[in-house]
Amino acid sequence: RLSNRLKAVASFVDEGAVVADIGSDHAYLPCFLIHTKKVKGAVAGEVAKGPFESAVKNVRREGFSDAITVRLADGLFAIEENDAVDTVTIAGMGGPLIATILESGKDRLSQVKRIIAQPNIYSRAIREWAVSNGWKIIKEHILKEDGKIYEIIVMEKGQAVYEELELMAGPLLLTSKTDVFIEKWESELSEWNRVLDSLEKTIETEAIKTKKVQLARHIALVRK
Ligand code: SAM
């Protein structure tokens, strides 16, 4: 059974797409997309030998070796021109790692129409990468599974400008403000306050007081 997190990622893949799933691990996502006949074909890219072998094994066991090409490669270098990949999924990593992978392999994105990123933390890094590289956010989603909160950012080519708060919390997530979204920012706030409180015990500085006021203002804006 595929996790709700990866099912949500799959829901943003267009019918008939050709997908490259980067950091595919067991290749669960491409197998699901082929099994449900949602995509025409897929590439599963993995940089680590163990996960690569597990992807090869799973694809073979499911009988999908014709539809899914598994490649041992760093990031977007798993994509080759003849693959005709039009959609990239990249899930289950930190935002900064996803942004680094997108940046270092961006030459491989010329035929790609949509990127679906699911960062576990610090999604801001991906939004900043998008703004600097001519991608705009067309959809965002937030969900909670097994006590953890995940964000999904869907990007297509285009130019966008986001304000500070939008980069941090997500321009589209801010327009809907679901319960999970509020929960995420309430818990970020209390986590940061906890850190600042413990710092305050040892050093009482103006900078910490200012940061606390700033954080309270941010969360007030998020709640609004
Ligand atoms: N995408 C799956 C998911 O969301 O469940 C697996 C996530 S797993 C936590 C992260 C995977 O990304 C690991 O298998 C790791 O080897 C792979 N990975 C990390 N850096 C990578 C890179 N530069 N290129 C390709 N794969 C990478």
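One table, with the values for the structure above:
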{"read-out": "Sole residue being in contact with a helix residue (DSSP H, G or I) (Cβ under 8 Å, 6 or more places away or on another chain), of a type in the set (D, E, K, R) and either at positive phi or loosely packed, with under 12 Cβ neighbours inside 10 Å (or both), chosen from K212, K177", "value": "K177"}
{"read-out": "Single condition L29 does not satisfy, out of (1) in contact with a helix residue (DSSP H, G or I) (Cβ under 7 Å, 6 or more places away or on another chain); (2) more than 11 Å from the ligand (Cβ to nearest atom)", "value": "(2)"}
{"read-out": "Residue that is surrounded by the most Cβ atoms within 10 Å (Cβ to Cβ), among those in the stretch 116-139 that are of a type in the set (A, V, I, L, M) and assigned to a helix (DSSP H, G or I)", "value": "I126"}
{"read-out": "From L72, L76, residue being within 24 Å of E15 (Cα to Cα), modelled with pLDDT of 95 or more and in contact with an Asp or Glu (Cβ under 9 Å, 6 or more places away or on another chain)", "value": "L76"}
{"read-out": "Residue tally, condition in a helix (DSSP H, G or I) and aliphatic (A, V, I, L, M), over the stretch 44-68", "value": "3"}
{"read-out": "Members of the stretch 156-184 found to be farther than 18 Å from I137 by Cβ and not β-branched (V, I, T), listed by number", "value": "D179, E183"}
{"read-out": "Members of the stretch 69-107 that are closer than 14 Å to N133 by Cβ and either within 12 Å of the ligand (Cβ to nearest atom) or outside any helix (DSSP H, G or I) (or both)", "value": "L76, V88, I98, A99, T100, I101, L102, E103, S104, G105"}
{"read-out": "Residue within the stretch 148-157 that is closer than 20 Å to I116 by Cα and more than 16 Å from the chain's Cα centre (by Cα) present", "value": "yes"}
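Each row is one residue, and each column tells you yes or no for (1) surrounded by fewer than 18 Cβ atoms within 10 Å (Cβ to Cβ); (2) among the charged types (D, E, K, R); (3) under 27 Å from G147 (Cα atoms); (4) within 12 Å of the ligand (Cβ to nearest atom).
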| position | (1), (2), (3), (4) |
| --- | --- |
| S3 | yes, no, yes, yes |
| D14 | yes, yes, no, no |
| D25 | no, yes, yes, yes |
| L33 | no, no, yes, no |
| G41 | no, no, no, no |
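The values are calculated or read from the model by the stated rules, or taken from the named source; none is laboratory data. Quick caveat: nothing in here was measured; it's all calculated off a predicted structure. Counting neighbours? That spans all protein chains shown, and the Cβs are built from the backbone with ideal geometry, glycine included.
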